[in-house]
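Peer 1: Input: one structure, supplied below.
Nothing in this text is a laboratory measurement; each read-out follows from the coordinates by a stated rule. Nothing here was measured: the structure is a model prediction, and the numbers come from that model. Every residue, glycine among them, receives a Cβ derived from its backbone with ideal geometry; neighbour counts consider all protein chains shown.
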Amino acid sequence: MVEALLVIDNLHKRFGNVEVIKGVSLTVGKGEVACIIGPSGSGKSTLIRCVNALVPFEQGSVTVLGIEVNDPKLDKLKLRKHVGMVFQQYNLFPHRTALQNVMMAPIQVLKRNKAEVEAEAYALLKKVRLEGKEHSYPGELSGGQQQRVAIARSLAMKPDLMLFDEVTAALDPETVGEVLITIRQLAEEGMTCVLVTHEMGFAREVANEVYFTDRGVIVEHAPPASFFTNPTDPRTKAFLSQVL
Amino acid sequence: MNLIAAWFSHLNETTGINFTVFYDPFDRARFVQGFLVTLELCGVTIVGSVMVGILGAWGQGAASIWLRRLVQFYIQIFRNTPPLVQVYFFYFGLSALLPEVKNSFGMSQPLIGGFVWASISLICFAGAFNVEIFRSGIEAIPHSTLEAAEALGFTRLQTYRQVVLPLGLRICMPALTNNLVNLIKTTPLAYAIAVPELLYVCNQIWSDNENVPEMMLLLFIIYIALVGVLVFIMHRWERALRVPGLGL
């Protein structure tokens, strides 16, 4: 077993009277890719939002590189330097060019030197295959291109863990591929990733472990080979038979 | 210049249409002085009220409930009372509570003069509307965009400066222009507390020369021009801020 980077232990989260996560535990090792799948409303997105403290939770523990997230004195900035997040709706800053979007956080948050950050930003945009689009505004880019800018924007903070929240769900089938290529490349380079996804084929290819959640609990988890061919839980079977 | 003066002088002698400010040096001097005071009043109150708007909108989103209530209280007071009453409140009400000072002639005078009180009260008046205008712009920004900034480690202040203000400003630009146009048109209220701005000096001039219609005409033209310049500048600014592909 490799060194654990993210440990979630018995996490509970409720919105008002509705408990959306009812005791989830999982461990992601350094360099591993975990895919979380499951029907809508099963608490997948909420789960990864708990990881970088975008939503507070009542009970349980989440540690990233040993930093306890469920701590009233949590230094959120310190946590977020380690954790990058990519959203379903890209959420780029629409008034800034692709390059500026990538440069903003390192300059503002990390107070780094502008020239250095700029050079890195060009390299990152090249890496996500957006050479020549550096000076385009988000509104001038396609969904897939925007999502790749968003990935580059997160990578600019040099995170140790990347969270992907249904990042291809808003894309048309043709552009899904170009975003998945980028994520796969990251995974191959050894980036630790947690993906909430509906892309079963992709989960099968890149994941080290696949988690199936339903109604706030992890019903079943296994390496993709056995998960997709030999699901044991009836709920997993029912879900997979519908989506595959 | 002399030609113009001669022409208006001739106009007066032949038709009785009396634009003294164009041929009489004394009237021209006070008219220009009044115009400058109006310009200054407009400039000070536009800048001041926009700053109040930005700070107030920031305060409305603050964590402290008392700060939020304070901003709300301020808005209710200044949005729901007539601006003339506000000018009087500051000049006669508040000013009376402040100590008087001796001026260079050895006479006692209020600590804060009419111009400053007029500026303060107009800034408060227009500022209350600006807070609401900026709030409308801020609330139109998708929550998810702010969440992205949060996830990147931006502090609230950084998010405000880098994301909220630039986006919110673009959204609320038309409403802001409207309110600033209104502000320019509200500045003659300073006349009520004897600030020697444009309307005040025009009143002096027409009292001396009995040329009310002529001075009124000039007043209209000057305010139309002032508002026209403001609208022109705001539209240029709006265009300069326009982002390709963003429907704002």
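Peer 1: Is region A:31-113 best put as rounded, prolate or oblate by its Cα gyration tensor, with a ≥ b ≥ c the root eigenvalues, rounded for a/c under 1.5, and otherwise prolate when a/b is larger than b/c, oblate when not?
Peer 2: oblate
Peer 1: Over region A:1-106, what is the relative contact order in whole percent, taking alpha-carbon pairs under 8 Å and six or more residues apart?
Peer 2: 24
Peer 1: Which order results if B:I193, B:I205 are arranged by neighbouring Cβ count within 10 Å, fewest first? Kindly include the intermediate steps, with their values, before the conclusion.
Peer 2: On the way: B:I193 20, B:I205 25.
Arranged by neighbour count, lowest to highest, B:I193, B:I205 become B:I193, B:I205.
Peer 1: Here's a follow-up. Counting only C-alpha contacts under 8 Å and six or more residues apart, can you give the relative contact order of region A:123-244 as a whole percent?
Peer 2: Once divided by the residue count of region A:123-244, the mean separation gives 18 percent.
Peer 1: Additional query: With each label point set 7 Å from Cα along the Cα-Cβ vector, what nm distance links A:N230 and B:A6?
Peer 2: Each label point lies 7 Å from its Cα, and together they span 11.1 nm.
Peer 1: Which of these, A:L163, A:L110, A:L125, has the largest mean-square fluctuation under a Gaussian network model of chain A (Cα springs below 10 Å)?
Peer 2: So, out of A:L163, A:L110, A:L125, the one fluctuating most is A:L110.
Peer 1: Of all DSSP beta bridges in chain A, what percent run antiparallel (nearest 5)?
Peer 2: Here the antiparallel bridges make up roughly 55 percent for chain A.
Peer 1: On to the next question. Modelled label-to-label distance, B:L219 and B:L97, 7 Å Cα→beta-carbon offset: nm?
Peer 2: It works out to 3.3 nm between the two label points.
Peer 1: Moving on. To the nearest 20 debye, what is the magnitude of the charge dipole of the protein assembly as shown about its Cα centre, counting +1 on the Cβ of each Lys and Arg and -1 on the Cβ of each Asp and Glu?
Peer 2: 560
Peer 1: Nothing charged except the Cβ atoms of Lys and Arg (+1) and of Asp and Glu (-1): what's the magnitude of the dipole of chain B about its Cα centre? Round to the nearest 20 debye. List each step's numbers first, then the result.
Peer 2: Values: 14 positive and 14 negative charges, 194 e Å.
Its charge dipole is roughly 940 debye.
Peer 1: Same structure again: Round to a whole angstrom and tell me the spacing of the C-alpha centers of region A:172-244 and region B:38-66.
Peer 2: 51
Peer 1: Please report B:D27, A:D75 as a ranked list, fewest other C-beta atoms within 10 angstrom at the top and most at the bottom.
Peer 2: Listed from fewest to most nearby Cβ atoms, that is A:D75, B:D27.
Peer 1: Calculate the translational D of region A:107-244 in whole µm² s⁻¹ from Stokes-Einstein, where the hydrodynamic radius comes from the Kirkwood formula applied to all Cα pairs, the temperature is 37 °C and the viscosity 0.692 mPa s.
Peer 2: Rounded, D is 196 µm²/s.
Peer 1: Farthest toward the dipole's positive end in region B:30-241, which of B:A149, B:I112, B:G48, given Cβ charges of +1 (Lys, Arg) and -1 (Asp, Glu) about the Cα centre?
Peer 2: It is B:A149.
Peer 1: I've got another one for you. Share of Cα-Cα pairs in the protein assembly as shown beyond 40 Å, in percent?
Peer 2: Taking all Cα-Cα pairs of the protein assembly as shown, the fraction more than 40 Å apart is 43 percent.
Peer 1: For region A:1-55, which GluC sites (Glu not before Pro) are in a loop by DSSP, counting at most 12 other Cβ atoms within 10 Å? Write down the numbers at each step before the final one.
Peer 2: Values: sites: A:E3, A:E19, A:E32; in loops: A:E3, A:E32.
Answer in residue order: A:E3.
Peer 1: Considering only DSSP states other than H, G, I, E and B, which GluC sites (Glu not before Pro) in region A:47-141 qualify as loop sites with at most 14 other Cβ atoms within 10 Å?
Peer 2: A:E58, A:E131
Peer 1: Continuing with the same structure: Return the FRET efficiency for the residue pair A:E188, B:F73: r is the Cβ-Cβ distance, R0 is 56 Å, and the value is rounded to the nearest 0.05. Display every interim value, and only then the final one.
Peer 2: Details: r = 58 Å, r/R0 = 1.04.
The value I calculate is 0.45.
Peer 1: With just the Cα atoms defining each centre, how far is region B:215-238 from region B:105-175? Give it in Å.
Peer 2: 24
Peer 1: Separate question: Report the one residue of A:H82, A:M104, A:N10 whose Cα lies farthest in the direction of the positive end of the charge dipole of region A:1-148 (charges on C-beta: Lys and Arg +1, Asp and Glu -1; origin at the Cα centre).
Peer 2: Sorting the options by dipole projection puts first A:M104.
Peer 1: Using 7 Å Cα-to-Cβ label points, what is the B:T14/B:V212 separation (nm, one decimal)?
Peer 2: Going from the B:T14 label point to the B:V212 one covers 2.8 nm.
Peer 1: Below 8 Å, C-alpha to C-alpha, sequence gap of six or more: please give me the relative contact order for chain B in percent.
Peer 2: The value is 24 percent.
Peer 1: Going by how many other beta carbons lie within 10 Å of each one, how would you line up B:E238, A:E199, fewest first?
Peer 2: With the sparsest Cβ surroundings first, the list reads B:E238, A:E199.
Peer 1: With both bridge residues required to lie in the protein assembly as shown, what share of the DSSP beta bridges run antiparallel, to the nearest 5%?
Peer 2: So the antiparallel bridges in the protein assembly as shown amount to around 60 percent.
Peer 1: Can I ask one more? Is the shape of chain B best called rounded, prolate or oblate, per the rule: a/c under 1.5 gives rounded, else a/b larger than b/c gives prolate, else oblate, with a ≥ b ≥ c the square roots of the Cα gyration tensor eigenvalues?
Peer 2: Because a/c hits 1.5 or more and a/b fails to exceed b/c, chain B counts as oblate.
Peer 1: Let me ask something additional. Mind scanning A:K30/A:K127; A:K81/A:K133; A:K30/A:K158; A:K22/A:K44; A:K78/A:K127; A:K76/A:K114 and naming the pairs with a C-alpha gap bigger than 18 Å?
Peer 2: Table pairs above 18 Å Cα-Cα are A:K30/A:K127; A:K81/A:K133; A:K78/A:K127; A:K76/A:K114.
Peer 1: Rounded to the nearest 0.05, what FRET efficiency do B:E40 and B:L241 give with R0 = 35 Å and r taken as the Cβ-Cβ distance? Could you check?
Peer 2: Numbers: r = 27 Å, r/R0 = 0.76.
It comes to 0.85.
Peer 1: Pick from B:I138, B:I17, B:I184: which is most flexible by mean-square fluctuation in a GNM of chain B where alpha carbon atoms under 10 Å apart are linked?
Peer 2: B:I17
Peer 1: Still on this model: Dipole of region B:15-147, Cα-centred, from +1 at each Lys and Arg C-beta and -1 at each Asp and Glu C-beta, to the nearest 20 debye? Numbers along the way, then the final one.
Peer 2: Numbers: 7 positive and 7 negative charges, 44 e Å.
Around 200 debye, computed over region B:15-147.
Peer 1: If only Cα atoms are counted, what is the Rg of region B:74-187, and what is its Dmax, in Å?
Peer 2: Answer for region B:74-187, Rg first and Dmax second: 19.6, 63 Å.
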